[in-house]
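The structure appears right after this line, and notes come after that.
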Amino acid sequence: MKDLKIVFMGTPDFAVTTLATIVEAQYNVVGVITAPDRPAGRGRKLNTSAVKKYALEKNLKIMQPTNLKDTAFLEELKALHANLQIVVAFRMLPKVVWQMPKYGTFNLHASLLPQYRGAAPINWALINGETKTGVTTFFIDDKIDTGEVILQEETPISIEDTAGSLHDKLMNLGAELVLKTIHAIKNDKVILTKQNDSKELKSAYKIHKETCKVNWELPLENIYNHIRGLCPYPAAWTTLYNKEEEEVFLKIYAISKIEEVHNYKNGTLLFTKKEIKIAVNQGYINLLEIQLPGKRKMKTNEVLNGLNLSKNAYVA
């Protein structure tokens with residue numbers, strides 16, 4: 001049985017749940033590495049990561065390097081004498097860092113590898129209409145998300161899931177999987193599996209602004225999956241053309257879909273005092289929660305008066 005000394009690396013909320021699970025299981029966390037504090041908001045006030053906030057509460061040693069190859073940082077990391085490193089939602093590590101501990105460095109990834117390697121696996125699983133996903137722990141190697149798999153756990157994706165709800169499911173499932181992985185390493189019960197690259201692989205590349213633009217020419221199901229796969233962050237968007245071709249940038253959050261045959265042109269707006277529907281191939285997208293420039297997210301019926309829509313309004 002191994003005596004583990006763990007360094008944990010992570011930044012957002014997704015990583016906090018895992019770190020808390022490790023701490024609550026009374027494993028020896030000798031250090032936490034997270035992103036440097038960064039200015040945010042209109043006041044440019046320094047914002048600390050979710051992981052740092054938790055680590056401060058638990059009096060854990062914190063390191064916030066800007067350069068992971070910096071000599072001073074590497075010496076500080078070595079001085080911790082950690083023999084296992086765990087990475088959850090952090091950045092790519094240089095070889096000098098991931099090779100350092102005796103028992104290796106493993107990563108938690110929010111997909112069933114080798115599918116959806118990359119920065120946005122939760123978003124892309126939904127955008128592509130997957131019915132299942134999961135979490136994977138694997139030992140880090142030279143490439144991104146290609147190392148030998150330690151453990152995996154599968155979970156279904158419901159038709160109502162958004163990126164937000166699926167994030168929370170996988171956050172909790174992943175924390176438990178990391179704990180099982182630590183137990184396996186501690187008790188010398190790790191069985192590694194090489195990733196199978198022979199099958200057709202789907203990528204989870206980083207989401208950009210243009211990725212978020214809704215294509216109203218796609219079938220109903222594709223549009224529905226695209227919007228929920230980007231909700232609540234970074235959010236799908238479209239341009240609304242209203243009276244005299246006035247353009248309004250519109251972010252879309254909550255929606256529902258209506259399967260129905262109709263003769264409207266794709267992108268046509270149909271609205272009452274309480275709802276906005278958008279005509280698409282095979283039905284309608286019903287807008288439930290949207291955001292106008294400079295405004296907060298609001299239920300569609302709260303926005304309708306301010307929009308003052310014309311009969312020939314459309315989105316594109």
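If you go through segment 222-241 and keep only what is touching a helix residue (DSSP H, G or I) at 6+ places or on another chain (Cβ under 7 Å) and either without any contact (Cβ under 8 Å) to a residue 60 or more places away in the chain or acidic (Asp, Glu) (or both), you end up with PRO234, ALA235, ALA236, TRP237. Entry remark, segment 124-150: residues being open to solvent by less than 60 Å² (accessible area, probe 1.4 Å) and touching a strand residue (DSSP E or B) at 6+ places or on another chain (Cβ under 9 Å) number 16 in total.
Of the residues HIS167, HIS183, which single one is crowded, with 16+ Cβ neighbours inside 10 Å, assigned to a helix (DSSP H, G or I), out of contact with any strand residue (DSSP E or B) (no Cβ under 9 Å at 6 or more places or on another chain) and not hydrophobic (A, V, I, L, M, F, W, C)? Checking each option against the conditions leaves just HIS167. Restricting the first member to segment 129-149 and to residues that are over 15 Å from GLY104 (Cα atoms), and the second to residues that are assigned to a strand (DSSP E or B) and of a type in the set (A, V, I, L, M, F, W, C), the beta-carbon pairs closer than 7 Å and six or more apart or on different chains are VAL135/LEU108; THR136/VAL149.
Does TRP98 satisfy the criteria of being of a type outside the set (S, T, N, Q), open to solvent by 20 Å² or more (accessible area, probe 1.4 Å) and within 30 Å of HIS226 (Cβ to Cβ)? So TRP98 does not fit the description; no. In the set (1) under 30 Å from HIS167 (Cβ atoms); (2) open to solvent by less than 20 Å² (accessible area, probe 1.4 Å), LYS299 fails one condition alone, (2).
If you go through segment 262-272 and keep only what is under 16 Å from THR300 (Cα atoms) and open to solvent by less than 20 Å² (accessible area, probe 1.4 Å), you end up with just LEU269. Residues in segment 210-231 include at least one that is open to solvent by 80 Å² or more (accessible area, probe 1.4 Å), under 24 Å from ASN281 (Cα atoms) and out of contact with any strand residue (DSSP E or B) (no Cβ under 8 Å at 6 or more places or on another chain). Does GLU75 fit the bill of being at pLDDT 95 or above, over 20 Å from the mean Cα position of the chain (by Cα) and not aliphatic (A, V, I, L, M)? So GLU75 fits the description; yes. Of all residues in segment 279-303, those that are in contact (Cβ under 8 Å) with a residue 24 or more places away in the chain and under 14 Å from ASN222 (Cα atoms) have Cβ atoms under 7 Å from Cβ atoms of residues that are assigned to a strand (DSSP E or B) and open to solvent by less than 10 Å² (accessible area, probe 1.4 Å), 6 or more apart or on another chain, in TYR284/ILE278; ILE285/ILE278.
Being hydroxyl-bearing (Ser, Thr, Tyr), assigned to a helix (DSSP H, G or I) and within 20 Å of ALA120 (Cβ to Cβ): is that true of THR211 here? It is true that THR211 is hydroxyl-bearing (Ser, Thr, Tyr), assigned to a helix (DSSP H, G or I) and within 20 Å of ALA120 (Cβ to Cβ). Residues in segment 196-206: is at least one in a helix (DSSP H, G or I), of a type outside the set (S, T, N, Q) and surrounded by fewer than 16 Cβ atoms within 10 Å (Cβ to Cβ)? No: zero hits. The residues of segment 242-261 that are in contact (Cβ under 8 Å) with a residue 24 or more places away in the chain, over 22 Å from TYR224 (Cβ atoms) and open to solvent by 40 Å² or more (accessible area, probe 1.4 Å) amount to a single one, LYS243. Only one entry of ILE258, ILE252 meets the criterion of being touching a strand residue (DSSP E or B) at 6+ places or on another chain (Cβ under 7 Å), of a type outside the set (Phe, Trp, Tyr), more than 30 Å from TYR205 (Cβ to Cβ) and modelled with pLDDT of 95 or more, and that entry is ILE258.
Looking at segment 1-86, the strands (runs of 3 or more DSSP E) lying wholly inside it that each contain 2 or more residues that are touching a helix residue (DSSP H, G or I) at 6+ places or on another chain (Cβ under 8 Å) and either more than 23 Å from LEU173 (Cβ to Cβ) or open to solvent by less than 70 Å² (accessible area, probe 1.4 Å) (or both) sit at 6-10, 29-33.
The values are calculated or read from the model by the stated rules, or taken from the named source; none is laboratory data. Because the structure is predicted, anything quoted here is derived from the model rather than measured. Reconstructed Cβ throughout: ideal geometry from the backbone, glycine too, with neighbour counts over all protein chains shown. Just the protein is used for accessible areas: all its heavy atoms, side chains included, with ligands, DNA and RNA removed. Shrake-Rupley method; radii C 1.70, N 1.55, O 1.52, S 1.80 Å.
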